[in-house]
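Below: one structure, written as structure tokens.
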Amino acid sequence: MRIAVHGASGFTGSLIVTELVRRGLTPVLVGRDADRLHRVAERAGRPDAEVRVAALDDIDALATAFADTDVVINAAGPFTLWGEPVVRAAITAGRPYLDTTGEPAYLHKILSTYDEPAKRAGVAVVPAVTDDGVPGDLIAALTAAHLHAPIQEVVIADLRRPGAASRGTGRSMAAIMVLDQVEYRDRAWQSVRLPDTTLTEPGEPDPVPVSALALPGVYTIPRHVETPHVRGVIRGEAAALFASLTAEVAETLPEIPDSDVLAASKWLMLAEATAVDGRRARGWVTGFDPYGSTAVIAVEAARRLATDGAPAGTLAPAQAFDPASFLDHLATTGVKWQVEELPARN
Ligand SMILES: NC(=O)c1ccc[n+]([C@@H]2O[C@H](COP(=O)([O-])OP(=O)(O)OC[C@H]3O[C@@H](n4cnc5c(N)ncnc54)[C@H](OP(=O)(O)O)[C@@H]3O)[C@@H](O)[C@H]2O)c1
């Protein structure tokens, strides 16, 4: 199985190449700088891996680079700046596409604008295949389904504590934080109106303050959970840190964060669903090493798209993959997940 990795020379892209090699899949490294791509291939133990140079302003060259591969993974961000040409090229080449974006405006644009073109080309386009985008969307699907009832609201929360971030993430976050935060309210994406609130982490006695952030789930969950409201929140302390993250500060972050710090960094995605009758359920997924997890998730997603296929069009993770089966696969790499009933709200 041949998987194209566009942006393979970056931090996330190089982890994806390494994970492809670990899984016995064949990476095809695509980007703008042959030397950087070759160095990644060597570091991944595959100096013979194919390297293809194609610039973002040459869609035909990108499409040609993708044409004989099974799936395209795009890890070149900020996606708001560089993402769309790669989506267009994958659709032109007729290859399934996924990316590692966490940028809400880009995600919304891809999901809404490229659905018809992807359907016409017969390919699946799955953005936000990351350590928050996929676990958050899949656990929200399972948590809502647990209630067997119409859903009044889903809250999707990223409860990780602030940790090491790459310069690439810093650049993307700096671009996000200057935008209005968005929630799905009354079946439409609108500026956040609700005040900051609290949430309780599983296993912890006290609730923690959380603040609104347009996590990928705000855009992906309404595509498969029938509900008028989806809110995204992160820990207040993480929100405060992001708020201080300017484009200048992002440039001071390391290109490659400290690997020991990353290995010890826990991520936790939590979904709370409330049914129209007040019954509530909570689901959570947790693991370590956020960037390593993104690589594992992106490669498993690519493998499933190539092997099992998926409906044509733009898809939320839960529309592309069976949620429990995908999370069970992640469990083989140390990820834990659970769905449980909460006391009803009267
Ligand atoms: N949970 C999440 O939301 C999550 C998790 C992981 C990653 N991500 C996202 O993934 C993206 C990559 O992060 P990273 O840390 O890997 O960043 P990075 O190390 O800076 O890598 C960026 C990649 O994009 C390529 N690129 C940049 N500008 C380009 C251009 N004009 N034309 C062609 N290629 C270009 C770079 O190529 P060169 O080497 O040629 O410069 C490099 O391969 C970020 O947007 C990050 O937010 C999100």
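Ranked from the most accessible area to the least, with a 1.4 Å probe and all protein chains present, what is the order of 177, 1? Write down the numbers at each step before the final one.
On the way: 177 50, 1 80 Å².
The ordering from most to least exposed comes out as 1, 177.
Using only the Cα atoms, work out Rg/Rh for segment 54-154, with Rh taken as the Kirkwood radius, to two decimals. Numbers along the way, then the final one.
Numbers: Rg = 15.3 Å, Rh = 14.6 Å.
Taking Rh as the inverse mean 1/r over Cα pairs, Rg/Rh reads 1.05.
Can you give the convex hull volume per residue for the Cα atoms of the chain, as a whole number of Å³?
Numbers: hull volume 43.6 nm³, N = 346.
Spelled out: Cα convex hull of the chain, divided by residues, is 126 Å³.
Give the whole-number value, in cubic angstrom per residue, of the convex hull volume spanned by the C-alpha atoms of segment 214-298.
Values: hull volume 12.0 nm³, N = 85.
Here the figure is 141 Å³ per residue.
From the C-alpha coordinates alone, can you work out the Kirkwood hydrodynamic radius of segment 168-325, in Å? Numbers along the way, then the final one.
On the way: mean 1/r = 0.0559 Å⁻¹.
Answer for segment 168-325: a Kirkwood hydrodynamic radius of 17.9 Å.
At a 1.4 Å probe radius, which order do 326, 11, 242, 288 fall into by accessible area, largest first? Mind showing how you got there, number by number?
Working: 326 0, 11 35, 242 55, 288 115 Å².
Greatest to least solvent exposure: 288, 242, 11, 326.
Could you go through segment 56-70 in sequence order and give the Karplus-derived ³J(HN,Hα) for each residue, using 6.51 cos²θ - 1.76 cosθ + 1.60 with θ = phi - 60°, rounded to whole Hz, and x for Gly and Pro?
Once θ is set to phi - 60°, the couplings for segment 56-70 become 5, 8, 10, 4, 5, 5, 5, 4, 5, 5, 8, 4, 9, 9, 8 Hz.
Under a crude label model (7 Å from the Cα following the beta-carbon direction), how far is residue 200 from residue 22 in nanometres?
If labels sit at residue 200 and residue 22, their model points lie 3.5 nm apart.
Taking the alpha-carbon centroid of each part, what is the distance from segment 138-197 to segment 78-112 in angstrom?
So the separation of the two Cα centres works out to 19 Å.
How large is Rg/Rh for segment 113-231, to two decimals, with Cα atoms and a Kirkwood Rh?
On the way: Rg = 15.7 Å, Rh = 16.1 Å.
Rg/Rh: 0.98.
Please turn the phi angles of segment 15-20 into ³J(HN,Hα) values with the Karplus equation 6.51 cos²θ - 1.76 cosθ + 1.60 (θ = phi - 60°), one per residue in order, whole Hz, x for glycine and proline.
3J(HN,Hα) across segment 15-20, in whole Hz: 5, 5, 4, 4, 5, 4.
Excluding residues fewer than 8 places away in the same chain, name every one of the lysines whose C-alpha is closer than 22 Å to that of residue 109.
By straight Cα distance, residue 109 reaches 119.
State the percentage of accessible surface on the chain attributable to carbon and sulfur atoms; use a 1.4 Å probe and exclude ligands, DNA and RNA. Before the final figure, lay out each step's value.
Working: 7380 of 14190 Å².
Summing carbon and sulfur atoms, their accessible area is 52 percent of the total for the chain.
Could you tell me what a quarter of the Cα convex hull surface of segment 110-166 works out to, in nm² with one decimal place?
Details: hull surface 25.4 nm².
Mean orientational projected area (segment 110-166, Cα hull): 6.4 nm².
Residue 200's amide H: which non-local residues (gap 5+, or another chain) put their own amide H closer than 5 Å, with H modeled 1.01 Å from N in plane and none for Pro or chain starts?
Amide H to amide H, under 5 Å and 5 or more residues apart or across chains, residue 200 pairs with 208.
Non-local amide H neighbours of residue 181 (under 5 Å, H modeled in plane, Pro and chain starts lacking H): which ones?
192
Normalising by the residue count of the chain, find the relative contact order in percent from Cα pairs under 8 Å and 6+ residues apart.
21
If you stretched the chain out fully between residue 247 and residue 1, how much longer would it get, using 0.36 nm times the residue separation minus the C-alpha to C-alpha distance?
84.7 nm
Not counting ligands, DNA or RNA, and with a 1.4 Å probe, what is residue 81's accessible surface area in Å² rounded to the nearest 10?
Counting only protein heavy atoms, the figure is 110 Å².
The values are calculated or read from the model by the stated rules, or taken from the named source; none is laboratory data. Nothing here was measured: the structure is a model prediction, and the numbers come from that model. Here Cβ is always computed from backbone atoms with ideal geometry, including for glycine, and neighbour counts include all displayed protein chains. Ligands, DNA and RNA are stripped out before the accessible areas are found, and what is left, the full protein with its side chains, is counted by its heavy atoms. Shrake-Rupley method; radii C 1.70, N 1.55, O 1.52, S 1.80 Å.
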